[in-house]
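S.K.: Have a look at this one before I ask anything.
The values are calculated or read from the model by the stated rules, or taken from the named source; none is laboratory data. These numbers were taken from a predicted model, which means no experiment stands behind them. In this analysis, Cβ positions are derived from the backbone assuming ideal geometry, glycine residues included, and neighbour counts consider all displayed protein chains.
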Amino acid sequence: MDIRNHLVDKLIEAGAFWSYDQASVRDSISDSQLIEAVLVKLDIEDIDLLFKLFPNSKIKSVWLKTMVVQGDYYYSLNRFYAWYYFHVRYPDRYLKSMLTRHLSRLTA
């Protein structure tokens, strides 16, 4: 079984797509949706598999666009990802600056 299908199976088991038909999820889930769902719903072993499936830069891009911009909602999780996976030296500062950058783009 390939990594992508394994991760989709784990997400379905975790109830990530409870309101969707399983077959349609398998056929239509985008890379970005898969990355975000794995980061939010699955354990560290599965997240490690995600880094084998996609380049670090793609995962970081999705993380910044979907999770970091939510501010306090995923704050602890984002601090961990910044430190552990993306090797950010000062996660708190980094997250604040990324959120500020996002908000300033919205108001510009």
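S.K.: Applying the selection to segment 1-11, what residues are hydrophobic (A, V, I, L, M, F, W, C) and modelled with pLDDT of 90 or more? Steps first, please.
M.R.: Start the filter on segment 1-11 by keeping residues that are hydrophobic (A, V, I, L, M, F, W, C), which leaves 1, 3, 7-8, 11.
Across segment 1-11, the qualifying residues are 3, 7, 8, 11.
S.K.: Name the residues in segment 76-108 that are among the aromatic types (Phe, Trp, Tyr) and part of a helix (DSSP H, G or I), would you?
M.R.: Residues of segment 76-108 among the aromatic types (Phe, Trp, Tyr): 80-81, 83-86, 90, 94.
80, 81, 83, 84, 94, listed by residue number.
S.K.: Of the residues 68, 38, 62, which single one is in contact with a His (Cβ under 9 Å, 6 or more places away or on another chain) and either buried (at least 17 other Cβ atoms within 10 Å of the Cβ) or within 23 Å of residue 3 (Cα to Cα) (or both)?
M.R.: Details: 38 fails: in contact with a His (Cβ under 9 Å, 6 or more places away or on another chain); 62 fails: in contact with a His (Cβ under 9 Å, 6 or more places away or on another chain).
None of the other options fit; the residue is 68.
S.K.: Is one or more of the residues making up segment 60-71 assigned to a loop (DSSP other than H, G, I, E, B) and either within 15 Å of the chain's Cα centre (by Cα) or among the charged types (D, E, K, R) (or both)?
M.R.: First, the residues of segment 60-71 that are assigned to a loop (DSSP other than H, G, I, E, B): 67.
Next cut, either within 15 Å of the chain's Cα centre (by Cα) or among the charged types (D, E, K, R) (or both) only: 67.
Among the residues of segment 60-71, at least one is assigned to a loop (DSSP other than H, G, I, E, B) and either within 15 Å of the chain's Cα centre (by Cα) or among the charged types (D, E, K, R) (or both), which makes the answer yes.
S.K.: For residue 71, which of the numbered conditions (1) closer than 24 Å to residue 91 by Cβ; (2) touching a residue at least 40 places away in the same chain (Cβ under 8 Å) fails to hold?
M.R.: Looking at each condition in turn, residue 71 falls short on (2).
S.K.: Does residue 20 fit the bill of being modelled with pLDDT under 95, exposed (fewer than 15 other Cβ atoms within 10 Å of the Cβ) and not assigned by TED's automatic domain parsing to the domain that holds residue 9?
M.R.: Values: modelled with pLDDT under 95: yes; exposed (fewer than 15 other Cβ atoms within 10 Å of the Cβ): yes; not assigned by TED's automatic domain parsing to the domain that holds residue 9: no.
So residue 20 does not fit the description; no.
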